[in-house]
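A short worksheet on the structure shown next.
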Amino acid sequence: MKKAIYPGTFDPITLGHIDIIERSALLFDEVVVAIGKNVGKKPLFSEEERMDMIQRTTKHIPNVTVDSFSGLVVDYARDIQANVMIRGLRAMSDFEFEFQMALVNRTLNNNMVQVFLMPHEAYTHLNSTVVREVASFNGDTSPFVSAYVVKKLKEKYKDL
Ligand code: ADP
């Protein structure tokens with residue numbers, strides 16, 4: 001049973017994240033999409049809202065589950081007995097940060113294998129920050145996120 005975790009903030013989940021999840025689901029028996037509670041970041045969506053959006057937009061993929069964690073990702077992975085961690089690599093600009101994090105994680109837990117996947121080129125420019133920015137100015141986010149997330153973004157910025 002090969003279990004992998006895909007950690008991130010997912011504030012909110014984009015089509016780029018979904019692309020990586022779909023690819024991962026082909027490689028592993030179970031993919032746990034794990035929302036990291038980062039004390040330094042103040043997310044737009046609550047943990048419950050992010051979990052709901054991930055669940056709804058990945059329900060077409062049977063071997064995906066959603067969870068959240070605090071603390072070190074290597075400790076969380078060990079707790080749930082996942083020995084693979086997935087990260088997305090969009091462009092060269094991701095490389096340096098991911099390279100550093102990968103080596104730190106490997107030093108902390110040499111038993112965890114880190115796998116880097118490239119999304120479809122249509123999503124290489126995409127991140128959640130850009131999506132929130134477009135939504136905040138009432139722009140069309142449908143090229144970047146699922147229909148459900150488009151709706152959630154509209155509701156969120158109406159309330160703010
Ligand atoms: P973001 O960088 O959008 O704030 P997260 O912190 O949620 O995203 O990132 C979680 C993981 O998903 C990271 O490995 C990140 O590189 C990857 N990722 C984010 N957006 C994309 C995308 N458009 N295509 C592929 N991977 C992505």
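The values are calculated or read from the model by the stated rules, or taken from the named source; none is laboratory data. Just so you know, these numbers come straight off a predicted model, no measurement behind them. Virtual Cβ from ideal backbone geometry, glycine too; neighbours counted across all protein chains shown. Just the protein is used for accessible areas: all its heavy atoms, side chains included, with ligands, DNA and RNA removed. Shrake-Rupley method; radii C 1.70, N 1.55, O 1.52, S 1.80 Å.
Listed values, structure above:
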item	result
Members of K42/K151; K2/K156; K37/K156; K2/K154; K3/K158; K3/K156 lying beyond 32 Å, as alpha-carbon distances in this model show	K2/K156; K2/K154; K3/K158; K3/K156
Contact order relative to length of the chain, as percent, for alpha carbon pairs under 8 angstrom and 6 or more apart	29 percent
Most to least packed among 60-70, 15-25 [average Cβ atoms within 10 Å]	15-25, 60-70
Dipole magnitude (debye, nearest 20) for segment 27-69, charges at Cβ of Lys, Arg, Asp, Glu	240 debye
Fraction of accessible area attributable to carbon and sulfur, the chain (%, probe 1.4 Å)	54 percent
Cα centre as origin, Lys/Arg/Asp/Glu Cβ charges: segment 1-112 dipole, Debye	120 debye
DSSP-assigned coil residues among chymotrypsin sites (Phe, Trp or Tyr not before Pro) in segment 92-138, each with at most 11 further Cβ atoms within 10 Å	F137
Cα-centre dipole for segment 64-160 with unit charges at Cβ (Lys and Arg positive, Asp and Glu negative), debye to 20	220 debye
Charge-dipole axis of the chain as Lys and Arg at +1 and Asp and Glu at -1 on Cβ define it, positive-most pick from L27, L72, M1	L72
Helix-derived mean residue ellipticity, 222 nm - over the chain, DSSP H n ≥ 4, -39500 (n - 2.57), to 500	-13500 deg cm²/dmol
Chain lengthening between K59 and S142 when straightened (0.36 nm per residue, less Cα-Cα)	28.0 nm
Taking segment 24-118 and dividing mean pair separation by its residue count, relative contact order in percent (alpha carbons under 8 Å, at least six apart)	29 percent
1.4 Å probe accessible area per residue over segment 3-124, in Å²	54 Å²
